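Structure record follows, encoded as structure tokens.
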Amino acid sequence: MSPPPASPDQAWFLEHVRADSAALAAAARRSPSAAIATCPGWDMTGLLLHVGGVHGWVEHIVSTRSTAYVKRETEEPDGPEATLAWFEQGATKLLETLRATDPDEPVWNWFDRAPAPARFWFRRMAHETAVHRWDGEAGAGEPGPIAPDLAVDGIDEFLGFVGLWLSRQPVADLQGSLHLHATDTDGDGGGGGGEWSIDLWPDRIEHRREHSKADAAIRGPVSDLQLWMVNRIPADSPRLQLFGNRAIIDSWRQLQF
């Protein structure tokens, strides 16, 4: 898959949604009863129900051009095979709807809590699907990395979310600076390429794409950095190198939003 342009276009995000949806479906075919350790309490069917439910919810918001919150409806297909078929049909429908949508069309999203350009959902669905694809493949025993170009953007997106969440729900004792250094990509967009400097406080976060000194640092493949950031792998993963104040790295685990 080609790397993203400086400002990723929406077709690029949708290709990731397509590829990761297909890979999750393939993992479900290989291991339909697998437990999903990274999503405690879920098995493969539960994972498909969650991702398919999110896909369906977003498809409804976008297709109806909703400018207000829409309650998510839950569906319970009868058994693993029916759930897999339902998931694949829903992913196809989501992609068809997004491809037919002007990214500037105003629709509701949970970040803005108001109508905003639909492009939010193109990006969000790419990252939602990619991380849960990894969950499913990990359950099946064969997790592939998140595409480096997508992981770079996923870290950018998630750091923006953390700032919002902390403003609404502060985390006591969160304080210090953290540096992330991707070893397998220079990234695209922003002067820091595949590096992030993050300043943390209980109620806010500041982050920049740059190389700088920090109280603590994590170095490794960008997919692993993103997976650590979203609580999929531990900081002690053998693919990550840690430097500096370990307490600051461990404090990230408090960000359970």
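Taking GluC sites (Glu not before Pro) in DSSP loop conformation with at most 14 other Cβ atoms inside 10 Å as exposed sites, the chain has its longest uninterrupted site-free stretch at 76-209.
Out of all Cα-Cα pairs in segment 1-149, roughly what percent, to the nearest whole number, are more than 25 Å apart? Here the long-distance tail beyond 25 Å is 28 percent of all Cα pairs in segment 1-149. Computed from Cα atoms, the angle from the helix 44-63 axis to the main principal axis of the chain rounds to 80 degrees. Could you state, as a whole-number percent, how many of the C-alpha pairs of segment 148-254 are farther apart than 24 Å? The proportion of pairs with Cα distances above 24 Å equals 14 percent. Close amide-amide hydrogen proximity is noted between I233 and W228, each under 5 Å apart and 5 or more residues distant or on a separate chain (H modeled in the peptide plane; Pro and chain starts excluded).
Computed FRET efficiency, Cβ-Cβ of T92 and K213, R0 45 Å: what is it to the nearest 0.05? Calculated value: 0.40. Here the chain is treated with +1 on each Lys and Arg Cβ and -1 on each Asp and Glu Cβ, and its dipole about the Cα centre works out to around 320 debye. Each Lys and Arg Cβ is given +1 and each Asp and Glu Cβ -1; about its Cα centre, segment 82-214 then shows a dipole of about 360 debye. Taking amide H atoms as placed 1.01 Å from N in the peptide plane, the amide H of A116 lies under 5 Å from those of V107, W108, N109, each 5 or more residues away in sequence or on another chain. Axis of helix 148-168 versus longest Cα principal axis of the chain: the two differ by about 80°, to the nearest ten degrees. Considered as an equivalent ellipsoid built on the Cα gyration tensor, the chain has semi-axes of 30, 22, 18 Å, the largest given first. For the residues V54, V171, V222, a GNM of the chain with alpha-carbon springs under 10 Å puts the largest fluctuation on V171. Using the rule -39500 (n - 2.57) for each DSSP H run of four or more residues, divided by the residues of the chain, the 222 nm mean residue ellipticity is -15500 deg cm²/dmol.
Values in this text are rule-based calculations from the coordinates and carry no lab data. Predicted, not measured: the structure shown is a model, and the values here were computed from it. Counting neighbours? That spans all protein chains shown, and the Cβs are built from the backbone with ideal geometry, glycine included.
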